[in-house]
1. Any idea which of Glu62, Glu110 is surrounded by 13 or more Cβ atoms within 10 Å (Cβ to Cβ) and either of a type outside the set (S, T, N, Q) or modelled with pLDDT under 95 (or both)?
2. Would you be able to say whether some residue in the stretch 141-153 is among the polar types (S, T, N, Q) and loosely packed, with under 15 Cβ neighbours inside 10 Å?
3. Hey, does the stretch 42-51 have a residue that's assigned to a loop (DSSP other than H, G, I, E, B) and either in contact (Cβ under 8 Å) with a residue 12 or more places away in the chain or among the hydrophobic types (A, V, I, L, M, F, W, C) (or both)?
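The values are calculated or read from the model by the stated rules, or taken from the named source; none is laboratory data. In this text the structure is predicted, and so the values were computed from the model without any measurement. Cβ atoms come from the backbone with ideal geometry, glycine included; neighbour counts cover every protein chain shown.
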Amino acid sequence: MSFNPQSKVWIYQSNRAFTDAEVIAIQQKLNDFTSQWKAHGQQLKADAEIIYQFFIVFTVDEAAAGVTGCSIDASVRVIKEIENEYQVDLFDRFNIAYKISDKVIVSNKEDFETLVNIKTIGPKTIVFNNLVQTRQEFEQKWETVFEDSWHSKVFAHLL
């Protein structure tokens, strides 16, 4: 499915990698949800995908129909169901994802700060900016180097 660059994006990051079997089951649940996801009775042009076995990314093209508070609540309910069923945390914004040797790793804020401090994570380390809001930002700024991310502002005192 192709999306308008201004389509809305929500990213939920797991505190652990999903297994291959979990990815298949969760993707089916997400497909079932997005295929019937509506806002005020109108079908949303939406998709959800699991990326790197850590990230659930919802995309909604509001040119077709706009999301509403109730439709967002419905997506949050699905995420909470996944959390409960698979014993993961998808809402902890203090977990930070980055890549080392093309492997995605998620650490808590304190461990991430230590890794920056001891230079395991440096200016060119790839980090994930889960604050992106549009498909265009997702495609251009979701995976970015540490020095160009919000992470560098929060942890600047360690560089």
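1. Glu62
2. The answer is no, given that none of the residues of the stretch 141-153 is among the polar types (S, T, N, Q) and loosely packed, with under 15 Cβ neighbours inside 10 Å.
3. The answer is yes, given that some residue of the stretch 42-51 is assigned to a loop (DSSP other than H, G, I, E, B) and either in contact (Cβ under 8 Å) with a residue 12 or more places away in the chain or among the hydrophobic types (A, V, I, L, M, F, W, C) (or both).
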